[in-house]
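Engineer: Structure incoming, see below.
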Amino acid sequence: MSAALLATAVITTPAHAATTITDLGVLPSGGAHVATSVNDAGVAVGGAHNGGLPSRGVRYDGNGTATELVGPAGKSTTVEAINSSGSAVGTATGSTRTDTSALRFNADGTYVVLPVPSGFTGAIGQAISDSGTVYGVATDVTRRQVPVSWSPGGVVTTLALPAGASTAHLTSASANGYVVGNVSGPDIGSAAVRWSPDGSVTVLDALAVDFTTAATAVNQLGEVAGAAVDSDFKSWGVRWNADGSLNKYEQGFGPKGINDSGAVVGSTLAGSNQVPVLFEKNGGRVELGFPAGVTSAGAWDINNNGVVVGSAGDRAVKWTVG
């Protein structure tokens with residue numbers, strides 16, 4: 001489908017709803033906290049960062065208690081996503097950028113270091129499905145990244161790259177195994193792609209031919225949230241529908257999460273501050289608001305009950321709409 005034939009209806013209908021904001025808690029060691037993923041039980045994961053100290057993975061119970069997800073000793077641990085059973089995915093990073101290992105955290109907080117594929121120097125865990133399959137990238141000595149998956153038993157499979165692409169970065173997986181990310185290479189610019197559960201890969205259409213696209217989240221219908229640059233070099237938040245058609249949100253909106261109802265969350269800018277925003281599939285726009293005394297916040301994910309998580313100031317928070 002050419003860019004000229006895309007459905008590009010601009011979604012700008014204003015909507016306002018009361019939101020309840022809950023602080024998700026902090027680790028005893030403190031630091032800046034963020035929640036990056038939430039499941040339908042309301043359990044979230046994310047991270048804590050404290051100056052030059054190693055990053056720590058965090059599980060938030062949704063009621064104000066934060067618990068560290070402890071990774072390998074002496075390494076920074078980042079946690080990206082959680083599935084419906086409470087298993088999570090992340091990465092352990094050592095003293096060098098090439099010393100990386102993908103991690104699968106079990107629901108009880110224990111972890112498994114996933115194998116680095118033969119011929120590669122490291123691996124990064126970036127997404128997880130409800131089957132427990134982990135998705136991420138394997139990196140070589142040149143820092144090239146190849147998309148891979150790890151089965152629940154640890155078997156590594158390389159994901160297909162579209163023609164012309166040589167490197168990839170994965171960003172999200174749905175419960176049933178759709179995966180999205182971004183690829184580039186000698187014959188393809190930075191482009192958003194979607195892998196279907198059967199392993200096939202689709203390059204998602206752009207707003208203008210050869211202009212940048214980026215995919216950040218996917219739901220069980222194969223709908224994808226992300227961003228796209230138009231021919232005037234303006235960036236728009238977008239949603240790719242399951243059939244490949246494209247809807248624009250607003251200029252400068254940066255989508256981060258999408259649920260199975262097609263609601264998308266992310267942030268837009270007001271001056272130098274981030275404003276957390278939810279777009280309903282029917283076009284309603286909700287500004288989620290800020291805790292008292294906070295002027296900048298980012299929404300990272302939304303579950304199927306409409307619970308949104310992210311960060312406000314240096315605290316991890318959740319927003320409940322209505």
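Engineer: Could you grab me the full set of residues in the stretch 229-243 that are open to solvent by less than 50 Å² (accessible area, probe 1.4 Å) and closer than 25 Å to residue 175 by Cα?
Structural biologist: Of everything in the stretch 229-243, those that are open to solvent by less than 50 Å² (accessible area, probe 1.4 Å) and closer than 25 Å to residue 175 by Cα turn out to be 237, 238, 239, 240, 241.
Engineer: When you go through 142, 158 one by one, which is the residue that is open to solvent by 10 Å² or more (accessible area, probe 1.4 Å), under 30 Å from residue 99 (Cβ atoms), touching a residue at least 40 places away in the same chain (Cβ under 8 Å) and among the polar types (S, T, N, Q)?
Structural biologist: Only one candidate qualifies: 158.
Engineer: Checking the structure you have, find out if any residue of the stretch 273-295 is open to solvent by less than 70 Å² (accessible area, probe 1.4 Å), more than 30 Å from residue 221 (Cα to Cα) and of a type in the set (A, V, I, L, M).
Structural biologist: yes
Engineer: If you go through the stretch 32-55 one residue at a time, do you hit one that is at pLDDT 95 or above, among the small types (Gly, Ala, Ser) and assigned to a loop (DSSP other than H, G, I, E, B)?
Structural biologist: For the stretch 32-55, residues at pLDDT 95 or above, among the small types (Gly, Ala, Ser) and assigned to a loop (DSSP other than H, G, I, E, B): present.
Engineer: Only residues that are open to solvent by 20 Å² or more (accessible area, probe 1.4 Å) and over 20 Å from residue 256 (Cβ atoms): list them for the stretch 69-79, please.
Structural biologist: Hits for the stretch 69-79 are 70, 72, 73, 74, 75, 76.
Engineer: I've got another one for you. Checking residue 269 against (1) at pLDDT 95 or above; (2) in a strand (DSSP E or B); (3) open to solvent by 40 Å² or more (accessible area, probe 1.4 Å): exactly one of these is not met. Which one?
Structural biologist: With respect to (1) at pLDDT 95 or above; (2) in a strand (DSSP E or B); (3) open to solvent by 40 Å² or more (accessible area, probe 1.4 Å), residue 269 is out only on (1).
Engineer: While we're here: Filter the stretch 280-292 for residues that are farther than 14 Å from residue 24 by Cβ and touching a residue at least 12 places away in the same chain (Cβ under 8 Å) and give the result.
Structural biologist: Of everything in the stretch 280-292, those that are farther than 14 Å from residue 24 by Cβ and touching a residue at least 12 places away in the same chain (Cβ under 8 Å) turn out to be 280, 281, 282, 283, 284, 285, 286, 287, 288, 289, 290.
Engineer: If you take the residues in the stretch 98-120 that are open to solvent by 60 Å² or more (accessible area, probe 1.4 Å), modelled with pLDDT of 95 or more and of a type in the set (Ser, Thr, Tyr), which one is farthest from residue 168 (Cα to Cα)?
Structural biologist: Of everything passing the filter in the stretch 98-120, 110 is farthest from residue 168 (Cα to Cα).
Engineer: On the basis of being under 19 Å from residue 172 (Cβ atoms), open to solvent by less than 30 Å² (accessible area, probe 1.4 Å) and touching a residue at least 60 places away in the same chain (Cβ under 8 Å), does residue 66 make the cut?
Structural biologist: No, not satisfied.
Engineer: Hey, can you tell me all the residues within the stretch 44-53 that are of a type outside the set (A, V, I, L, M), buried (at least 16 other Cβ atoms within 10 Å of the Cβ) and more than 12 Å from residue 315 (Cβ to Cβ)?
Structural biologist: 47, 49
Engineer: Look at residue 261 and say whether it is crowded, with 24+ Cβ neighbours inside 10 Å, under 18 Å from the mean Cα position of the chain (by Cα) and hydroxyl-bearing (Ser, Thr, Tyr).
Structural biologist: No; evaluated as a whole, the condition is false for this residue.
Engineer: Still on this structure, please answer the following. Could you check the stretch 122-154 and list, in sequence order, the residues that are among the β-branched types (Val, Ile, Thr) and at pLDDT below 95?
Structural biologist: Within the stretch 122-154, 139, 141, 142 meet the criteria.
Engineer: Right, next: Tell me yes or no: at least one residue of the stretch 225-241 is acidic (Asp, Glu) and more than 20 Å from the chain's Cα centre (by Cα).
Structural biologist: Yes: the stretch 225-241 contains one or more residues that are acidic (Asp, Glu) and more than 20 Å from the chain's Cα centre (by Cα).
Engineer: Could you check, for the stretch 244-252, whether at least one of its residues is more than 15 Å from the chain's Cα centre (by Cα), open to solvent by 40 Å² or more (accessible area, probe 1.4 Å) and either closer than 30 Å to residue 28 by Cβ or free of Cβ contacts under 8 Å to residues at least 60 places away in the same chain (or both)?
Structural biologist: Looking for residues that are more than 15 Å from the chain's Cα centre (by Cα), open to solvent by 40 Å² or more (accessible area, probe 1.4 Å) and either closer than 30 Å to residue 28 by Cβ or free of Cβ contacts under 8 Å to residues at least 60 places away in the same chain (or both), one finds at least one in the stretch 244-252, hence yes.
Engineer: Ok, one more. Please note which strands (runs of 3 or more DSSP E) are completely contained in the stretch 125-231 and include at least 3 residues that are in contact with a His (Cβ under 9 Å, 6 or more places away or on another chain).
Structural biologist: Those strands (runs of 3 or more DSSP E) span 179-185.
Engineer: Quick check on the stretch 1-31: of everything there that is open to solvent by 70 Å² or more (accessible area, probe 1.4 Å) and β-branched (Val, Ile, Thr), which residue is modelled with the lowest pLDDT?
Structural biologist: Residue satisfying both the conditions and the ranking: 13.
Engineer: Further question: Any residue in the stretch 207-217 that is over 24 Å from residue 117 (Cβ atoms), among the acidic types (Asp, Glu) and surrounded by fewer than 24 Cβ atoms within 10 Å (Cβ to Cβ)?
Structural biologist: The answer is yes, given that some residue of the stretch 207-217 is over 24 Å from residue 117 (Cβ atoms), among the acidic types (Asp, Glu) and surrounded by fewer than 24 Cβ atoms within 10 Å (Cβ to Cβ).
Engineer: Condition first: more than 13 Å from residue 154 (Cα to Cα), touching an Asp or Glu at 6+ places or on another chain (Cβ under 8 Å) and open to solvent by 60 Å² or more (accessible area, probe 1.4 Å). Can you find one or more residues in the stretch 80-95 that meet it?
Structural biologist: Yes, because at least one residue in the stretch 80-95 is more than 13 Å from residue 154 (Cα to Cα), touching an Asp or Glu at 6+ places or on another chain (Cβ under 8 Å) and open to solvent by 60 Å² or more (accessible area, probe 1.4 Å).
The values are calculated or read from the model by the stated rules, or taken from the named source; none is laboratory data. Source: prediction; values computed, not measured. FYI the Cβ positions are ideal-geometry reconstructions off the backbone, even for glycines, and counts take in every protein chain you see. All accessible areas refer to the heavy atoms of the entire protein, side chains included, with ligands and DNA or RNA removed. Shrake-Rupley method; radii C 1.70, N 1.55, O 1.52, S 1.80 Å.
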